[in-house]
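To start, the structure under review is shown below, and the notes come after it.
The values are calculated or read from the model by the stated rules, or taken from the named source; none is laboratory data. The structure displayed is predicted, hence computed values, not measured ones. Cβ: placed from backbone, ideal geometry, glycine included. Neighbour counts: every protein chain shown.
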Amino acid sequence: MNTSGSRHLKPDWVIIFLFICLAGIGFVNIYSASVSGLEVSLLDLSKPHGKQLMFIGLSSILILLIFSLDSKFYERFAFVFYLITTLLLIGLFIFGKKISGATSWYVFGGVSIQPSEFAKVSCALLVAKYLSDNQVDLKNLKDLSVLSLWIFIPAFLILIQPDAGSALVFTAFFLVMYLHSLSGWFVFAGFSAIIMFLLTLLLGSTWAIGVVLGFCVLLYFLLGKRKHKTGPLLLFFSICVVFSLSVNYIFQEVFEQRHRDRFNIVLGLTEDNRDIGFNTYQSKIALGSGGFWGKGFMEGTQTKGNFVPEQHTDYIFTTVGEEWGFAGSFVVIALFVLFLLRLLHLINRQKTAFAKWYGFGVVCVFFIHFAINIGMVIGVVPTIGIPLPFFSYGGSSLWGFTLLLFIFIKLDATRYNEW
Amino acid sequence: MRRFFLHGLILFSAVVFVAKLAQIQLLDNSYELIANNISIKKVYDFPERGYIYDRNGTLLVSNQPSYDIMVIPREVKEIDSIEFSKLLKIRPEDYSQMFSKAKHYSLDLPSVFVPQLSKEDFAALQEKMWKFEGFYIQKRSLRDYQTRHAANILGYIAEVNEAKIAQNNYYQMGDLIGIQGVEKAYEDELRGVKGVKRYQKDRLNRIISSFKDGIYDTLPSQGKDLELTIDIELQSYGEMLMQNKRGGIVAIEPKTGEILALVNAPSYDPALLVGRERSRNFTKLYYDTIAKPLYDRGLLAEYPPGSTFKILNALIALQEGVVSEDTKVYCHNGYFYARGSFMKCHSHASPVDLDSGIYNSCNAYFGTVYTRTLEKFATPQLGIDNWAKHVKSFGLGDFLGYDLPTGKKGLVPTSVYYNRAYPNGNWRPAATVSNGIGQGELLTTPIQLANFTAAIANRGFYYTPHIIRKIEGKRIEVPEYTEKKTTTIDPKHFEPVIEGMFNVFEKGTGRSVRVEGIEICGKTGTAENFTKIDGKRVQLTDHSIFIAFAPKDNPKIAIAVFVENGYWGARWAGPIASLMIQKHLNDSISRKDLEKRMLEGSLLFEYDKPLSGEPFNINQ
């Protein structure tokens, strides 16, 4: 039925152009951040920039593969993809390799694969498939719990690696659910849960509960003479208490010290955080020293010399800020905004529900990565290590993002064939 | 609201980011000032690496100072490289080569220019260092060995490689890290944590003050001292007994699982791997692929256990109730275990029971016992899996879980193995009869042999062998090493078997190495082995094996000795085991003749045979 698909292929060149810009600028900055000696070769596979060039090359093969498959394939096999990536996540606990504290990687010979990057893609496909069913209504408790479970499973498996950053990305799908039919109360509940979680770990249960109590009392007086305010407020308060106590329990009793260490370092609670504090400071110095026009390509002395860890991965944006200045950072942020808005525009013209909801999944995942990564580097979000799409060094993340994006581009390109 | 929810989020975060960036990059000049005018110098304070002692408190490893010349290429100005080379005792042409290597690694990061200068060279250089901008001296501590033995246990330290640096950001170019043995296994404890001091420097690269009053500085924390379970006297004695031979000795204290000695032969002096000669010596040891001094045979060599394994088969048969102590088996220089298949044995009185079966090491007896154990079950598959279950409960066929960083699993064949070998699944217990006498498919490492000997000495349980005794003066409390592992054999079956092992010395294959005044229980073993010469399978002289524990009641030592190509068990391994036991229990040797024969005996001629290219005879 769909054999004519490739003949009517009309990919959106604007989004592809934006993709090429982002990956290209990303590569230039990785090159600058990773070359510190007297390198000449672009394709030096012992250095990050050489590998990244290879990853980019290989991702074009991936794109061809995505385009060669029928659009229907992604919808039909969504669950199979999901199953595969979930099994890969489980397999990590047996075959995975621990790299800097987290068991997130498979290592075969010199190649390492991080399955959590692919779990995002398959989760987006499954969520889209689920939401594209006309019968589904997220105000219905059964639908809501089934879908939440699908999202929760990979997120939980990633959380206990422990890789809190990548797990956090899965909140993107709750945004998608909100856009579909989820009650706004859940967004409120979600925000409250995150705040309670952070409060509990930062201040301890007692103080966290104290803060909530204060908040509730304040609300009680603010609401004045409204009816039915005591019940809901009491309910809200008791849920918060239970939540805070269970977070505390899980953290202290279920987690092992290495898990706790990682959270404590992320939250800046450990004694050893001096190095991390110093790095955030260094990252700001690097950005600040860039000024308006920046110091120029390969001239960023601050971002070199091992001051900032993960310089070519999570902190790649500091290189942009130092070498290309405010102008460069502004262009990169503008490119990302254009990219996200263009995706939203493409979503509007989708003819099938699957393509539309998949598109929303894609936008939300990209948005979370963009917002958390840049927010972390410039210091408006606490330190959470997740990559900046297409910029950060790493094969798994680049391919994960390429898959995510190009499956959508493929769906969009064949939208006229769907009748 | 939902329609433009995402648009709103995206634009909102973009505005926040741009505003924050404008503040950092355009409005706030302080960051720029800091970056332009001040760079920060990190100075590391390396703590002294922990000392290593033996179980009696004898110091084995301490430290000596050493000085590395470090370089940061970007800071190097015009210097007199001829004079500098002379001071460093290198050739001027080496200077430029080494300098470009450092530049290739990084312009801004320090790399080691010349490692491990001696105290004298350092003294001569120190007062002239001001002339050579961009170079500085980093003090480190190197190992100073107080013993010439136990190199395989202690391991060594060396400069960390780039792969490790990428994996663990604690380490930096030039840092030292444990590579083998205890140095690797207890790297984190021995190493301590280096401290960092940060200084601000002005444009002329002069240190002007501590950075931010030292709020980012950290203090070093000292490395911890270790006390090992080995007795260095016993260890050195074992190494001397094994000189000019190849193989291993593993001695364990049964009631704790503490490794008393772990001898590897041939061995080397640990001091060879220290200082500027390290890499030359290492290369020499590493490329000796014939004697393989770096290959820790006690942990890594998988040999067939030979007749020592008969002890386990006796225990399993008793547990399964297929024989009693009095069951008799006839043996006339061997027996037919299947139609037309004869297993040879040496000549001894017939029939034999459990006791004389053990002390005569009768193949017919154990072939029979083994087949009966398997035939108790409906299929040979069930039979062999049940047998393997018992064998594995003695710690064979898998990593033991000790705390040294190398090991091998060995092999205990199960039905899966034989079903693969006989794809139709149509095999009989008799096909695997070699397992009954410890030949065939079975493979064990010497430490596994010593461990199952300890389990027999304890009458049915063992503690995982380990090398660590105390950390910083405190007894270890690792459950892995302090919890009993129980075997699947009931304690009551051990006594008759141990009686047989006792009689090995009183009237059996171990008569010649009996020690007056010590009740030793043991078992000889002789293992056939093969090598490949020009692609052809060639049999070599048998391995000489011996396991033993003593005293019979309340055992203090369990030992396994393995001498490659030493021929029968009582020829080399037996005497060495009995000397080791006497050394440990009495601290003096009464049999000076035997001791002299072992110390001076050499098997090098035997090892030369397969390399000579000439035809040769074995088992002479």
- Message: If A:PHE339 meets every condition in (1) outside any loop (DSSP other than H, G, I, E, B); (2) more than 10 Å from every other protein chain (Cβ to nearest Cβ); (3) surrounded by 22 or more Cβ atoms within 10 Å (Cβ to Cβ) apart from one, which number is that one?
- Response: (2)
- Message: Suppose the filter is out of contact with any Pro (no Cβ under 6 Å at 6 or more places or on another chain) and either closer than 15 Å to B:GLY357 by Cα or not assigned by TED's automatic domain parsing to the domain that holds B:SER356 (or both); does B:GLU506 pass it?
- Response: yes
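Inspect all residues belonging to region B:177-190 and state whether any of them is more than 23 Å from B:TYR51 (Cα to Cα), free of Cβ contacts under 8 Å to residues at least 60 places away in the same chain and in contact with a strand residue (DSSP E or B) (Cβ under 6 Å, 6 or more places away or on another chain).
Within region B:177-190, not a single residue is more than 23 Å from B:TYR51 (Cα to Cα), free of Cβ contacts under 8 Å to residues at least 60 places away in the same chain and in contact with a strand residue (DSSP E or B) (Cβ under 6 Å, 6 or more places away or on another chain).
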- Scan region B:255-305 residue by residue and report those that are farther than 26 Å from B:SER62 by Cα and either free of Cβ contacts under 8 Å to residues at least 40 places away in the same chain or not assigned by TED's automatic domain parsing to the domain that holds B:ALA457 (or both). B:TYR287, B:ASP288, B:THR289, B:LYS292
- Out of all the residues in region B:247-277, which are within 16 Å of the chain's Cα centre (by Cα) and in a loop (DSSP other than H, G, I, E, B)? B:GLY257, B:PRO266, B:SER267, B:TYR268
- Message: All but one of (1) part of a loop (DSSP other than H, G, I, E, B); (2) under 37 Å from the mean Cα position of the chain (by Cα); (3) exposed (fewer than 15 other Cβ atoms within 10 Å of the Cβ) hold for B:ALA378; state the number of the condition that does not hold.
- Response: (2)
- Got a sec? Which of A:THR103, A:THR86 is part of a helix (DSSP H, G or I) and within 19 Å of the chain's Cα centre (by Cα)? A:THR86
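From the list B:LEU109, B:LEU117, B:LEU142, B:LEU176, which one is more than 16 Å from B:PHE84 (Cβ to Cβ) and buried (at least 21 other Cβ atoms within 10 Å of the Cβ)? Full working, then the answer.
Numbers: B:LEU109 fails: buried (at least 21 other Cβ atoms within 10 Å of the Cβ); B:LEU117 fails: more than 16 Å from B:PHE84 (Cβ to Cβ); B:LEU142 fails: buried (at least 21 other Cβ atoms within 10 Å of the Cβ).
When all the criteria are applied, what remains is B:LEU176.
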- In this structure, is A:ALA355 surrounded by fewer than 24 Cβ atoms within 10 Å (Cβ to Cβ), among the small types (Gly, Ala, Ser) and either at pLDDT below 90 or part of a helix (DSSP H, G or I) (or both)? no
- Is at least one residue of region B:398-417 without any contact (Cβ under 8 Å) to a residue 24 or more places away in the chain, assigned by TED's automatic domain parsing to the domain that holds B:SER361 and outside any loop (DSSP other than H, G, I, E, B)? yes
- Considering region B:333-375, residues that are outside any strand (DSSP E or B) and among the basic types (Lys, Arg), and then whichever is surrounded by the most Cβ atoms within 10 Å (Cβ to Cβ), we arrive at B:ARG372
- Task: From B:PHE12, B:PHE4, B:PHE17, grab the single residue that is aromatic (Phe, Trp, Tyr), at pLDDT 85 or above and surrounded by 18 or more Cβ atoms within 10 Å (Cβ to Cβ).
- Result: B:PHE17
- Query: From B:PHE530, B:PHE494, which residue is without any contact (Cβ under 8 Å) to a residue 24 or more places away in the chain and of a type in the set (Phe, Trp, Tyr)?
  - Reply: B:PHE530
- Residue in region A:173-181 that is modelled with pLDDT under 85 and assigned to a helix (DSSP H, G or I) present: no
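Here is a yes/no grid of residues against (1) touching a strand residue (DSSP E or B) at 6+ places or on another chain (Cβ under 8 Å); (2) facing chain B (nearest Cβ under 10 Å); (3) modelled with pLDDT under 70:
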{"site": "A:THR270", "(1), (2), (3)": "no, no, yes"}
{"site": "A:TYR281", "(1), (2), (3)": "no, yes, yes"}
{"site": "A:ALA286", "(1), (2), (3)": "no, yes, no"}
{"site": "A:GLY291", "(1), (2), (3)": "no, yes, no"}
{"site": "A:LYS295", "(1), (2), (3)": "no, yes, no"}
{"site": "A:VAL308", "(1), (2), (3)": "no, no, yes"}
{"site": "A:TYR315", "(1), (2), (3)": "no, no, no"}
{"site": "A:GLU322", "(1), (2), (3)": "no, yes, no"}
{"site": "A:ALA327", "(1), (2), (3)": "no, yes, no"}
- Item | Residue under evaluation A:GLU117, criteria (1) part of a helix (DSSP H, G or I); (2) touching a strand residue (DSSP E or B) at 6+ places or on another chain (Cβ under 6 Å), criterion not met | (2)
- Query: Does any residue of region A:411-419 turn out to be within 19 Å of A:CYS123 (Cβ to Cβ), touching a helix residue (DSSP H, G or I) at 6+ places or on another chain (Cβ under 7 Å) and touching a residue at least 40 places away in the same chain (Cβ under 8 Å)?
  - Reply: yes
- Task: Being touching an Asp or Glu at 6+ places or on another chain (Cβ under 7 Å), crowded, with 18+ Cβ neighbours inside 10 Å and closer than 30 Å to B:ASP188 by Cα narrows it down to one of B:GLY410, B:GLY395, B:GLY383, B:GLY401, so name that one.
- Result: B:GLY410
- Task: Could you look through region B:418-447, keep only residues that are buried (at least 16 other Cβ atoms within 10 Å of the Cβ), assigned to a loop (DSSP other than H, G, I, E, B) and of a type in the set (S, T, N, Q), and pick out the one that is nearest to the chain's Cα centre (by Cα)?
- Result: B:THR445
- Message: Let me spell it out: the conditions are (1) at pLDDT below 85; (2) basic (Lys, Arg); (3) in a loop (DSSP other than H, G, I, E, B), and B:ARG49 meets all of them except one. Which number is the exception?
- Response: (1)
- Task: Considering only region B:434-450, state which residues are modelled with pLDDT of 90 or more and among the small types (Gly, Ala, Ser).
- Result: B:ALA450
- Message: Looking only at region B:1-30, count every residue that is more than 7 Å from every other protein chain (Cβ to nearest Cβ), over 24 Å from A:VAL363 (Cα atoms) and either in a helix (DSSP H, G or I) or charged (D, E, K, R) (or both) and tell me the total.
- Response: 3
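Which helices (runs of 4 or more DSSP H) does region B:65-161 wholly contain that include 1 or more residues that are within 14 Å of another protein chain (Cβ to nearest Cβ)?
Numbers: elements: B:81-88, B:92-105, B:119-126, B:151-154.
By residue number, B:92-105.
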- Is region B:479-490 home to any residue that is closer than 27 Å to B:SER415 by Cβ and of a type in the set (A, V, I, L, M, F, W, C)? yes
- Check on A:PHE156, surrounded by fewer than 16 Cβ atoms within 10 Å (Cβ to Cβ), assigned to a helix (DSSP H, G or I) and under 16 Å from the mean Cα position of the chain (by Cα): yes
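I'd like to know if region A:375-391 contains one or more residues that are in a helix (DSSP H, G or I), surrounded by fewer than 22 Cβ atoms within 10 Å (Cβ to Cβ) and either in contact (Cβ under 8 Å) with a residue 40 or more places away in the chain or not aromatic (Phe, Trp, Tyr) (or both).
yes
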